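Inspection log for the structure reproduced underneath, given as structure tokens.
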Amino acid sequence: MSDISRRAFLQRGAMAAAAFTVAPSSILGKSHGYTAPSDKLNIACVGIGGMGNANLKAVEGTENIVALCDVDWKYSKQVFDRLKSAKKYWDFRKMYDEMGKDIDAVIVATADHTHAIVAADAMTLGKHVYVQKPLTHSAYESRLLTKLAAKHKVATQMGNQGSSAEGVDLICEWIWNGEIGEITKVECATDRPIWPQGLNTPDKADKAPSTLNWDLFTGPAAMRPFNHIYHPWNWRGWWPYGTGALGDMACHIMHPAFKALKLGYPTKAEGSSTLLLNDCAPQAQHVKLTFPARENMPKVALPEVVVHWYDGGMMPDRPQGFPQGKQLMGEGGGLVIFHGTKDTLICGCYGANPWLLSGRVPNVPKVCRRVEKAMNGGHEMDWVRACKESAANRVLTKSDFSEAGPFNEMVVMGVLAVRLQALNKELHWDGPNMKFTNIGADETIKTVIKDGFTIKDGHPSFDKTWTDPVNAQEFAAELINHKYRAGWSLPAMP
């Protein structure tokens, strides 16, 4: 189907969807062969071989799974075999065309670079969406999903399940109660990547298996020859498809800082890493983001704060007084250290097991809504609950796009800082207008295509192959708002 006809279909569907928040499945079923009870959602899932499978297991016991879509039918076979009554698709666009009226909600668990287009089209059709983390591949895409969710009044959730866990709630309550004082520095770290990064682009193409549609996997990205180094799963470390260790884990690890400190757009960003390649994320990274002062809370001020990110084995210093012999990296391969004027708060991934360096155990009022079994399906079911509530009375999910969208802009800002590090400056960011203000019109940037590593007569050497210099403003603009491949496009920004 052409892009123009697809857009026309989406516009017609959006007008029809505007009449109701959720089309009852029982009503839809009368004309489409379904007998599903009205208290069940009709859910479709796009990207079912990995985290999509886990998300489906959380909801399939109570809801109707009516459609499954994936570009790799071998990787997805176990899910197709388990959910035999769901209709199977290669292309989400065809699924929307054929079953748009039968679907209430969509789970999106594809590669990072296709999250936005799958979710945006679903919301334009009036469908509720659950989107795996990172929410999107670029800052513009994050802003778009945030605004589309608000426009169409659909229930949304990003798949950072730790946002529903009690650890995040406790951290917010402790900080808001003034237990550790004012915070001007936060350090975050992960033990990832656990897949290869810092790799040269393959010299040759492999034959794509018949069970994989490489054109559909590529989607809006520029087409490149298939190679087994990209798929399955290792796409996370390749810039065209993924966002590296930062995109994979920051949505889990940095979320307590974003929420508790009420962060918005950073104003400054700076990145460094091991060898930066044009196509593949580096082996290790350090990102520094500066956030301006926010409006003070009743019991604590919110001054300017600097947030650091480390991955690939890089770590912050052990805080003074940290127990000797105790591993600094926290539970789940994540670490967050809040440096306060009164105390130091430390937690693991997902905000797990927060504790104060002083040894005190705060006893403060619980003001955050709790979600049961957050890490075992509760995060997904909280979204299901929100889908069934009217927009006027809906209790927002713990990672609703009104929060997850701006938060994801913070995450992908880290990617921008790393990829623009060759400019050798602290970048100044205009968040509302999504642009850097201190990249000159005549500045250029180039990156390494191949490291050219060889050993000659026992001596290591590098004969690096570089890209041609390109205009730095244009390069940055493309990273902020990707140019999609012909035939693929996003809805307009509301």
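The values are calculated or read from the model by the stated rules, or taken from the named source; none is laboratory data. What you see is a predicted model, and the numbers here were worked out from it, not measured in a lab. When we count neighbours, we look across all protein chains shown, and the Cβ atoms used for this are built from the backbone with ideal geometry, even at glycine. What goes into the accessible areas is simple: the full protein's heavy atoms, side chains included, and nothing from ligands, DNA or RNA. Shrake-Rupley method; radii C 1.70, N 1.55, O 1.52, S 1.80 Å.
Once you keep just the Cα pairs under 8 angstrom separated by 6 or more residues, what percentage relative contact order results for the chain?
It comes to 19 percent, rounded to a whole number.
Short version: what are the Cα gyration tensor semi-axes of the range 236-374, square root of 5 times each eigenvalue, largest first, in whole Å?
Semi-axes (√(5λ), whole Å): 27, 19, 16.
What's the ranking of 191-201, 399-409, 384-394 by average number of surrounding C-beta atoms within 10 Å, highest first?
399-409, 191-201, 384-394
Using the Cα centre of the chain as origin and beta-carbon charges of +1 (Lys, Arg) and -1 (Asp, Glu), tell me which of SER272, CYS172, SER85 is placed farthest towards the positive end of the dipole.
Result: SER85.
For CYS188, CYS368, write out the residues from largest to smallest accessible area, computed with a 1.4 angstrom probe and no ligands counted.
These residues rank, largest area first, as CYS368, CYS188.
Once the other residues with Cβ under 14 Å from the Cβ of GLY181 are scored (Lys, Arg +1; Asp, Glu -1), what is the net sum?
+1
So what's the net charge close to LEU328: Lys and Arg +1, Asp and Glu -1, counting the other residues with Cβ under 11 Å from its Cβ? All intermediate terms of the calculation are to be shown ahead of the outcome.
Values: positive: ARG318, LYS326; negative: GLU187, ASP191, ASP317.
Combined, the nearby Lys, Arg, Asp and Glu give -1.
Of the listed values (1) 142; (2) 153; (3) 164, grab the one calculated as volume of the Cα convex hull per residue in Å³ from the structure here.
(3)
Does a label point 7 Å from the Cα of ASN278, set along Cα-to-beta-carbon, have any residues of the range 409-424 with amide nitrogen under 17 Å, and which are they?
Of the residues in the range 409-424, 419-423 have backbone N under 17 Å from the label point off ASN278.
With every protein chain left in place, what is the accessible area of ILE65 in Å² (1.4 Å probe, nearest 10)?
20 Å²
In whole percent, how big is the carbon plus sulfur part of the accessible area of the range 320-442, probe 1.4 Å, protein atoms only?
With neighbouring chains kept in place, the figure for the range 320-442 is 48 percent.
Under 10 °C and 1.306 mPa s, how fast does the range 445-486 diffuse according to Stokes-Einstein, given a Kirkwood radius computed over C-alpha pairs? Answer in µm²/s, whole number.
Values: Rh = 12.7 Å.
The calculation lands on 125 µm²/s.
Counting helices only, and only those DSSP H runs with n ≥ 4, report the 222 nm mean residue ellipticity of the chain as the sum of -39,500 (n - 2.57) divided by its residues, in deg cm²/dmol to the nearest 500.
Value at 222 nm, helices only: -8500 deg cm²/dmol.
Sum up the charges of everything whose Cβ sits under 10 Å from the Cβ of LYS450, counting Lys and Arg as +1 and Asp and Glu as -1, but leave LYS450 out.
Numbers: positive: LYS464; negative: ASP203, ASP279, ASP451, ASP463.
Local charge sum for LYS450: -3.
I want to check the label-to-label distance for HIS308 and THR290. Put each point 7 Å from Cα in the C-beta direction and report it in nm to one decimal.
1.6 nm
Which semi-axes, in whole Å and largest first, does the equivalent ellipsoid of the range 185-246 have when worked out from the alpha carbon gyration tensor as the square roots of 5 times its eigenvalues? Kindly include the intermediate steps, with their values, before the conclusion.
Numbers: eigenvalues 140, 31, 22 Å².
Calculated on Cα positions only, the semi-axes equal 26, 12, 10 Å.
Kyte-Doolittle mean at least 0.5 and Cα extent at least 24 Å along the axis: which DSSP H helices of the chain qualify?
Membrane-span-like by this criterion, though nothing is claimed about a membrane: 401-419.
Looking at the square roots a ≥ b ≥ c of the eigenvalues of the Cα gyration tensor of the range 264-340, which shape do they give, rounded for a/c under 1.5, prolate if a/b is larger than b/c, or oblate?
Oblate shape, in that a/c is at least 1.5 and b/c is the bigger or equal ratio.
For the full complex of protein chains and a 1.4 angstrom probe, list LYS373, LYS207 by accessible area with the highest value first.
Descending order: LYS207, LYS373.
Treating the range 163-210 as a set of equal point scatterers at the Cα positions, no solvent, please give the Debye-formula log₁₀ I(q)/I(0) at q = 0.18, 0.21, 0.24 Å⁻¹.
For the range 163-210, the Cα-only Debye profile gives -0.81, -0.95, -1.05.
For TRP73, TRP466, give the ranking by accessible area with the largest first, probe 1.4 Å.
Solvent-accessible surface, decreasing: TRP466, TRP73.
Over the chain, average the accessible area per residue using a 1.4 Å probe and give it in Å², no decimals.
Per-residue accessible area for the chain comes out at 41 Å².
Quick one: what are the phi-derived ³J(HN,Hα) couplings along the range 307-321, Karplus 6.51/-1.76/1.60 with θ = phi - 60°, whole Hz, x for glycine and proline?
My calculation for the range 307-321 gives 10, 9, 10, 10, 8, x, x, 6, 9, x, 5, 5, x, 4, x Hz in order.
How do 482-491, 52-61 rank on mean C-beta neighbours within 10 Å, highest first? Walk me through the numbers on the way to the answer.
Working: 482-491: 15.2, 52-61: 18.5.
Highest-to-lowest ranking by the protection proxy: 52-61, 482-491.
Quote the FRET efficiency, to the nearest 0.05, computed for LYS456 versus ASN433 with a Förster distance R0 of 56 Å and r equal to the Cβ-Cβ distance.
0.65
Can you tell me the order of 147-159, 256-268, 128-140 when each peptide is scored by its average per-residue count of other Cβ atoms within 10 angstrom, highest first?
128-140, 147-159, 256-268
Taking the Cα centre of the range 252-318 as the origin, how large is its charge dipole in debye, to the nearest 20, when only Lys and Arg (+1) and Asp and Glu (-1) carry charge on their Cβ atoms?
Here the range 252-318 has a charge dipole of around 340 debye.
Taking all protein chains in place and a 1.4 Å probe, what share, in percent, of the accessible surface of the range 90-203 do carbon and sulfur account for?
That fraction is 48 percent.
Starting from the Cα of ALA54, step 7 Å along the direction of its Cβ; do the same at ASP39; then give the gap between the two resulting points in nm.
Distance between label points: 3.0 nm.
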